[in-house]
Amino acid sequence: MDGETFGPYSAKEVRDLQLIDDVLVTEESMDGEWLPAGHFDFDDMVIKELGASVNEDGTITRQHRYNTSVSSTRTTTSSQQSMQQSSYTSAHTDCVPEEIKQWNWGAFFFNWIWGICNGVYWPLALIVVNFIPYVGPLISLGCCIALGINGNEWAWKAKSWSSVTEFKRVQRKWAIAILWVLGIGLGLVVLGSILTF
């Protein structure tokens, strides 16, 4: 998508991403051939992934494959990567990857704007809080610090992200936006001070 390769994903993960036709998809059996996402029947692929079968009446029977033998365990590198990837894609998982548990400058600086774009809506209350005399700005500052500390975790749980890499790329764009805003603001201050002399 957009010239970048993502994955590997299970058929269920691809189906849940609701890919559009301008996204190209391949699978191991296709020897590197890429086709539009609409070419694939992901519902059917999910059924096969689950080890299920479709009965004549249209119902689905899932085969339980709980085997304690060593041969049933997935040991290949690609399978392990796929399993790691699938643990990251759920929007409502309680498991937050360690690599994103860090300060978020976008959440701290842009607070409610960042919140709307990342599915965290409570910072909208800061618009009203700022108008409370005396204590409003202090409450807002405290909330902004909380956003900076916990913003990554809240955003990870609020939206469905295809990977940690995608999540980090989006949050990095917010940090870059801060530099642009500060740079433009500083430039306008300098220009204004020059024009007033």
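The values are calculated or read from the model by the stated rules, or taken from the named source; none is laboratory data. Quick caveat, the model's predicted, so the values are computed rather than measured. When we count neighbours, we look across all protein chains shown, and the Cβ atoms used for this are built from the backbone with ideal geometry, even at glycine.
Would the range 131-144 turn up any residue that is closer than 30 Å to D16 by Cβ, in a helix (DSSP H, G or I) and either within 17 Å of the chain's Cα centre (by Cα) or free of Cβ contacts under 8 Å to residues at least 60 places away in the same chain (or both)? No: zero hits.
For every residue, the table says whether it meets (1) at pLDDT 95 or above; (2) touching a Phe, Trp or Tyr at 6+ places or on another chain (Cβ under 9 Å); (3) not aliphatic (A, V, I, L, M).
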site	(1), (2), (3)
C117	no, yes, yes
I127	no, yes, no
P137	no, no, yes
K157	no, no, yes
S160	no, no, yes
S163	no, yes, yes
E166	no, yes, yes
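Can you tell me how many residues in the range 7-22 are at pLDDT 75 or above and touching a Pro at 6+ places or on another chain (Cβ under 7 Å)? Residues in the range 7-22 being at pLDDT 75 or above and touching a Pro at 6+ places or on another chain (Cβ under 7 Å): 0 in total.
Selection within the range 145-171: residues that are under 8 Å from the mean Cα position of the chain (by Cα) and charged (D, E, K, R). The member of this set that is farthest from P8 (Cα to Cα) is K159.
Among the residues of the range 32-48, at least one is farther than 19 Å from S160 by Cβ, at pLDDT below 75 and touching an Asp or Glu at 6+ places or on another chain (Cβ under 7 Å).
A quick yes/no check of all residues on (1) in a loop (DSSP other than H, G, I, E, B); (2) touching a helix residue (DSSP H, G or I) at 6+ places or on another chain (Cβ under 7 Å); (3) under 27 Å from L17 (Cα atoms):
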site	(1), (2), (3)
A107	no, yes, yes
G119	yes, yes, yes
R169	no, no, yes
V181	no, no, no
G187	no, no, no
L195	no, no, no
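Can you confirm whether F197 is modelled with pLDDT of 90 or more and not polar (S, T, N, Q)? Spelling it out, it is not the case that F197 is modelled with pLDDT of 90 or more and not polar (S, T, N, Q).
Residues that are within 13 Å of W154 (Cβ to Cβ) and β-branched (V, I, T) were ranked within the range 94-115; the one that is modelled with the lowest pLDDT is V96.
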